[in-house]
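Worksheet for the structure shown next.
The values are calculated or read from the model by the stated rules, or taken from the named source; none is laboratory data. Predicted, not measured: the structure shown is a model, and the values here were computed from it. Positions of Cβ are generated from backbone atoms using ideal geometry, with glycine treated the same way; all protein chains shown enter the neighbour counts.
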Amino acid sequence: MLRIYVLAFLVFLYAPILLLPVFAFNDSTVIAFPLNGFTTKWFDELWSNAELHAALLNSLFVATVSAVLSVVLGLAAARANVRYRFPGKAAAMGLIMLPLVLPEIIVAVSLLVVAVKVFGLGLSLWTVVAAHVLICTPFAIAILNASFQSLDPSLEEAAVDLGCTRPETFRLITLPLVMPGIVAALLICFTISLDEFIIAFFLTGSDPTLPVYIWSLLRFPRLIPVVMALGTILMLVSITILILAEWNRRRGLARAGIKDKGGFL
């Protein structure tokens, strides 16, 4: 019964996603069966849409900056969490990880009020970056916690005993050993930011990100097959990034001699 349940759950979860390429290659503007025929014209329209290209560049900018900032902050927080003891550590880490359990709609409305009413900021891609750093940092910390826990502290102590300063030890010893976790965290944060819609919808200004632009296309039935084509490409890119992130995570565990107990794939 458990196997049947798991199989039914996977079908329910992934069947709609598998329909994306089916209708992306369908020669009809109506998303329904039976299919009319095979075509690639919807993918051709993607290359001639200037607004789509601008939205894609906006999303790539936001995702790249958000991923880098999230990993830098996550690197510092994960190291402090694993290596040091200080008063209020549990409470501080709990607050940092809180965005993982908060509904995104609540986070989005709260950030909108803070940005506009409290600080008087105009909505732009930078407000989206700030919000995405907030929600991506906990994911980076979760991944980097495992990397620092698998790192033997005696390696850093030996480097210090041999004359290295703390910054040199971190740059020459710690950073290379946790690099697989850093790469995995970068890829995961990049994917989360690239796909995020609710917060971007509330905080974006006149320059929409790709998910917000896709949502605007849904008002035009003729363009829905174009959305299907774009969704197919994004699905393939997201799966590729997740596979690379998992491969880096497992490579890091193998280098540290730790048995893999499961990952995020």
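From the list Thr165, Thr174, Thr191, Thr169, the lone residue that is among the polar types (S, T, N, Q) and without any contact (Cβ under 8 Å) to a residue 12 or more places away in the chain is Thr165. The residue that is surrounded by the most Cβ atoms within 10 Å (Cβ to Cβ), counting only those in segment 75-104 that are part of a helix (DSSP H, G or I) and charged (D, E, K, R), is Arg79. Does any residue of segment 112-128 turn out to be over 22 Å from Leu56 (Cα atoms), in contact (Cβ under 8 Å) with a residue 40 or more places away in the chain and part of a helix (DSSP H, G or I)? Within segment 112-128, one or more residues are over 22 Å from Leu56 (Cα atoms), in contact (Cβ under 8 Å) with a residue 40 or more places away in the chain and part of a helix (DSSP H, G or I). Checking the stated criteria, Ser216 turns out not to satisfy the condition of being among the hydroxyl-bearing types (Ser, Thr, Tyr), more than 30 Å from Leu18 (Cβ to Cβ) and at pLDDT below 85. Exactly one residue out of Val128, Val183 is out of contact with any Asp or Glu (no Cβ under 8 Å at 6 or more places or on another chain) and either surrounded by fewer than 21 Cβ atoms within 10 Å (Cβ to Cβ) or polar (S, T, N, Q) (or both), and it is Val183.
Just to be sure I understand, how many residues within segment 24-45 are among the hydrophobic types (A, V, I, L, M, F, W, C), under 30 Å from the mean Cα position of the chain (by Cα) and at pLDDT 80 or above? Counting residues in segment 24-45 that are among the hydrophobic types (A, V, I, L, M, F, W, C), under 30 Å from the mean Cα position of the chain (by Cα) and at pLDDT 80 or above gives 4.
Taking segment 25-66 as the range and being under 30 Å from Leu187 (Cα atoms), touching a helix residue (DSSP H, G or I) at 6+ places or on another chain (Cβ under 9 Å) and in a loop (DSSP other than H, G, I, E, B) as the test, the residues that pass are Phe25, Thr40, Asn49. Looking at segment 210-226, which of the residues that are in a helix (DSSP H, G or I) and of a type in the set (Phe, Trp, Tyr) is surrounded by the most Cβ atoms within 10 Å (Cβ to Cβ)? Residue satisfying both the conditions and the ranking: Tyr213. Residues in segment 195-209 that are surrounded by fewer than 24 Cβ atoms within 10 Å (Cβ to Cβ), in a helix (DSSP H, G or I) and not β-branched (Val, Ile, Thr): 3 in all.
Of the residues examined, Phe139 is not one that is in a loop (DSSP other than H, G, I, E, B) and under 30 Å from Leu175 (Cα atoms).
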